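Heads up, the thing below is written out as structure tokens.
The values are calculated or read from the model by the stated rules, or taken from the named source; none is laboratory data. Bear in mind that the values here come from a model prediction, so they are computed numbers and not experimental data. No Cβ is skipped: glycine too gets one built from the backbone with ideal geometry, and neighbour counts run over all protein chains shown.
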Amino acid sequence: MRISTFWYCLKEGVKNICRNVWFSLASVATISACIFLFCLFFSIIVNIQHVVKNAEGTIGITVFFDEELSEEQIRELGTQIGEMPQISDMEFTSAQEAWESMKSDYFAGHEELAEGFADDNPLAGSASYQIFLRDITTQDQVVEALEQTPGVRQVNYSNSAAEGLSSFNAIIGILSFVIIGVLLAVSVFLISNTINVAASFRKNENEIMRYIGATNYMIRAPFVVEGLVIGLMGAVLPLIGMYFLYLRAVGYLAARFQIISRIFQFLPLSQIFPYMTAVAVLLGLGIGFFASFFTIRKHLKV
Amino acid sequence: MIEITNVYKTYDTGNKALRNINITIEDGEFVFIIGRSGSGKSTLLKLLLKEVEPTSGKIVVNDMNLGKMPRRYVPKYRRRLGVVFQDFRLLKDRNVYENVAFAQRVIGASPRKMRERVPSMLQMVGLSSKYKSFPQQLSGGEQQRVAIARALINRPEVLLADEPTGNLDHHNAIEIMKLLDKINRMGTTVIVVTHSNELVNLMRRRVITMDRGCIVSDEEGGAVHED
């Protein structure tokens, strides 16, 4: 493609927008609204997932081993278990450490009561591994594998917490999927309408182009440019709004509701904004491209 | 050369627009196609433009069999034809120069080529001085000249003119016919569909007369007499 042809298509696309400026503005406004809502949900979802992820890191599986196994044998078993891909981290607690922990938890201030067990650790044989998973949804699978491991006596885990977090994740996923789907459909419909109006404005021009021998690509290009520009504008405007809104909202919530900020650690904007920008821009361009590309197809019949 | 052999065209509505059409047009010929409304003249032009397909029969234009031509080759084929319409079909938001350059631009010609060809084409149709004018500032005859310049800028082998003088007064109609004659003498095959018997008689060229989808006469240097 010649550079002059590229600039021509770009100029014609922009001219299309200016020619029916109100339709174009309406499309930009609607896509902006859709992408703004998307950004809002995106922020909420990634923040919730961040909390869920943090929670996943604190919910562990505790594995106890057969009493006759020595600490060395248990550590060997631990190494073997640690090779499971689902496991993100493991902590070993020896029987002595377990007893020390129990003493400090339950006999604090009354250490003399624990003296009776000085030479006879009541938790002997209670050496354990605390296992943390990469993804809480794999807990059942890991527990099953652990229970079948020779030398493992008992596996303790919190099924309800895992299920709760998993279903919460799933609900968020479905909800966001549905909302984004509806927003996409609305945006595509609106751009498609705008392109239809532009095509009717250019009907005469398109006909002449066809008779002269312009390729479909050449006829289509200005409309696709129009769709892309509308999509891009529809993405950039809400991103600017979201940038300031997020900063304000996080600052406000942290200042006004300290309890929330203790439970809920907001992700810094710098961490989510690049992803949000990439997704929003791709979404805007994608909606613009596909809506214009497919809408103009019916005007290309020769 | 254009060869139309045993062509029939029936539209989906059942309207039999063309029946057993056989025409051969040599390179560099000037041919009038005349006939009443609904006689099939425009359908014939549409077939040559590959805007519609024949129901049966064969159309070959400059060794290209239109029936076997894939859709993707249609734009390239159309670059070898020039088309002029009764209603000019100029772009109202562009001046004369831009209207003519438009035909070059949409086929991806280089700006250098456009700068070379557009002024010479405007000179040929006698509109050099009006290159900055917009269509609404021109007379009907001048607008048709712009349309002819646009049709010729890509140097087509065949020029198809569908009622090119239909919207013009007598004087302008004759001027346009003279221009088409000049173009023909430069080597372009010209096919003109018209209602104007007067112009046909004036030009004394080959005349194909159509009626109800059939060719009723095909005469060299023909003249038409009012019924």
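Worth a mention:
- Checked against the criteria, B:I191 does not count as touching a Ser or Thr at 6+ places or on another chain (Cβ under 9 Å) and part of a strand (DSSP E or B).
- Those residues of the stretch B:158-185 which are of a type in the set (G, A, S) and part of a helix (DSSP H, G or I), in sequence order: B:A173
- Of all the residues in the stretch B:19-45, those that are in contact with a helix residue (DSSP H, G or I) (Cβ under 9 Å, 6 or more places away or on another chain) and among the acidic types (D, E) number 1.
- Flag for A:S24 being modelled with pLDDT of 70 or more and over 30 Å from B:K92 (Cβ atoms): no
- Residue within the stretch A:96-103 that is of a type in the set (F, W, Y), at pLDDT below 80 and crowded, with 16+ Cβ neighbours inside 10 Å present: yes
- The set of residues in the stretch A:206-234 that are of a type outside the set (A, V, I, L, M, F, W, C), without any contact (Cβ under 8 Å) to a residue 40 or more places away in the chain and crowded, with 20+ Cβ neighbours inside 10 Å comprises A:Y211, A:G213.
- Tally, over the stretch B:52-72, of residues that are outside any strand (DSSP E or B) and under 16 Å from B:P156 (Cβ atoms): 3
- Any chance B:L44 is away from chain A (no Cβ under 14 Å), crowded, with 19+ Cβ neighbours inside 10 Å and modelled with pLDDT of 90 or more: yes
- Any hit, the stretch A:202-218, residues being under 18 Å from A:F290 (Cβ atoms) and of a type in the set (A, V, I, L, M): no
- The residues in the stretch A:204-242 that are of a type in the set (S, T, Y) and touching a Ser or Thr at 6+ places or on another chain (Cβ under 9 Å) can be counted, and the count is 0.
- Residue in the stretch B:145-160 that is surrounded by fewer than 22 Cβ atoms within 10 Å (Cβ to Cβ), touching a residue at least 24 places away in the same chain (Cβ under 8 Å), touching a strand residue (DSSP E or B) at 6+ places or on another chain (Cβ under 8 Å) and over 23 Å from B:K113 (Cβ atoms) present: no
- Inter-residue pairs, beta-carbon under 8 Å, first under 14 Å from A:A98 (Cα atoms) and in the stretch A:60-73, second among the aromatic types (F, W, Y), 6+ apart: A:T62/A:Y129; A:T62/A:Y157; A:V63/A:Y129
- The residue pairs whose first member lies in the stretch A:1-28 and is within 14 Å of another protein chain (Cβ to nearest Cβ) and within 15 Å of B:V106 (Cβ to Cβ), whose second member is of a type outside the set (S, T, N, Q) and in a loop (DSSP other than H, G, I, E, B), and whose beta carbons are closer than 7 Å, counting only pairs six or more residues apart or on different chains, are A:R2/B:G108; A:T5/B:G108.
- Selected residue (criterion: farthest from the other protein chains (Cβ to nearest Cβ)) from residues of the stretch B:76-88 that are free of Cβ contacts under 8 Å to residues at least 40 places away in the same chain and closer than 24 Å to B:R185 by Cα: B:Y77
- Any chance B:M177 is away from chain A (no Cβ under 14 Å), surrounded by 15 or more Cβ atoms within 10 Å (Cβ to Cβ), closer than 30 Å to B:S128 by Cβ and modelled with pLDDT under 90: no
- Unique residue being closer than 30 Å to A:G125 by Cα and part of a helix (DSSP H, G or I) when the list is A:T30, A:T79: A:T79
- Answer residue from the stretch B:147-157, given it is hydrophobic (A, V, I, L, M, F, W, C) and either within 12 Å of chain A (Cβ to nearest Cβ) or assigned to a loop (DSSP other than H, G, I, E, B) (or both) and is nearest to B:K182 (Cα to Cα) among those: B:L152
- Unmet requirement for B:K178, which otherwise passes all of (1) free of Cβ contacts under 8 Å to residues at least 12 places away in the same chain; (2) under 22 Å from B:L48 (Cα atoms): (2)
- Tally of residues being hydroxyl-bearing (S, T, Y) and farther than 12 Å from A:L239 by Cβ across the stretch A:264-297: 3
- Restricting attention to the stretch B:89-134 and to residues that are more than 14 Å from chain A (Cβ to nearest Cβ) and in a loop (DSSP other than H, G, I, E, B), the residue that is surrounded by the fewest Cβ atoms within 10 Å (Cβ to Cβ) turns out to be B:K132.
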